[in-house]
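Here the structure is laid out as structure tokens; the discussion comes afterwards.
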Amino acid sequence: CAQKGFEVIVCGKNDSILEHGVNSINAALSKLTESGKISGRDKEHTFGRIKGASEFKWLENCDLVIEAVTEDLGLKKEIFAELDSICHAETIFATNTSVLPVIEIAHSTSRPDKLLGTHFLPPPPVNPLLEIVRTLDVDNAIFKKVKEFGQHLGKRVIESKDSPGFIVNRILTPILLNAVHLLEEGVAEKEDIETAVKFGLGMPMGPFELLDLIGLDTIVSGTDSLFRELNDPQYFCPVTIRRMAGAGMLGRKAGKGFYDYTFRDKESGG
């Protein structure tokens, strides 16, 4: 958003998490500068549009608030109920959920006509797709405004009804889970499964790389939600993922998942 000229407030639940997030943004912009994709001036201007806040009160006058916490329906509802009491009446709310029922989140507020889903595919700065989710209550003018916002970001915008998993994760989730099943059954080694998906199916990342990027705790809660709503066994979370998440092996954000990232971080100085 900041790269496209918007003034941005990034809000974390405490100062430590906020600092980590802002530092990550700065590091990502530095990499873009080093690779020649943006200039030093572009980086300076972009980072200058981003302000940090650890309290929701700083979001009071925002035109659009996008929530991107973990896939916990209760937590999302709690956050939007609080935002509803703080933000001005015209503020539009959006949730980045990839699987949860957006209508339930919308009805935690007094403005369900102004809340919709904006599922940014990971990693958002690179992935060109934005999945916008239309609920039964959302106002058409609001939907159109958010769609135009996504297009201004340079995204390829697609529309989905508020159905479990929407479009992308309804298709993608069984692919990721089947990769884990193949590993559990000893059909193939992790590296060969990764190679098969990247070179055979043309996906830019292998399934285990993508699972680590998404976060295994997010996968557990997301698949549980899909299975609960669809009652379809292809969305049942594999034991391996559930055990890894229980052990804190959540992927990139924890330093270890299907791959170990601690050595990579030390190498890069991050």
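The values are calculated or read from the model by the stated rules, or taken from the named source; none is laboratory data. Remember, it's a predicted structure, so these values are computed and weren't measured experimentally. These accessible areas exclude ligands, DNA and RNA; they are computed on the full protein's heavy atoms, side chains included. Shrake-Rupley method; radii C 1.70, N 1.55, O 1.52, S 1.80 Å.
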What is the Cα convex hull volume of the chain when expressed per residue in Å³?
138
Inverse mean reciprocal Cα-Cα distance (Kirkwood Rh) of segment 126-238, Å:
15.8
Unsatisfied cross-links (Cα-Cα over 26 Å) in the set K57/K114; K51/K161; K43/K114
K51/K161; K43/K114
Calculated diffusion of segment 1-103, Stokes-Einstein form, Kirkwood radius summed over Cα pairs, 20 °C and 1.002 mPa s, µm²/s:
143
Give the ranking of R49, R41 by solvent-accessible surface, highest area first, calculated with a 1.4 Å probe.
R41, R49
At 1.4 Å probe size, what's the solvent-accessible area of M203? Round to the nearest 10 Å².
40
Among rounded, prolate and oblate, which fits segment 62-114 when a ≥ b ≥ c are the square roots of the eigenvalues of its C-alpha gyration tensor, a/c under 1.5 means rounded, and a/b larger than b/c means prolate?
prolate
Just to check, using Stokes-Einstein with a Kirkwood Rh over alpha carbon pairs, what's the diffusion coefficient of segment 8-68 at 25 °C and 0.890 mPa s in µm²/s?
195
Using alpha-carbon positions, the gyration tensor of segment 117-174 gives root eigenvalues a ≥ b ≥ c; with a/c under 1.5 called rounded, otherwise prolate if a/b exceeds b/c, else oblate, the class is oblate
With 25 Å as the cut-off, how large is the P(r) tail for segment 81-185, expressed as percent of Cα-Cα pairs?
26
Share of Cα-Cα pairs in segment 201-270 beyond 19 Å, in percent?
40
Would you mind pulling out the separation of the Cα centroids of segment 1-76 and segment 168-217, in Å?
29
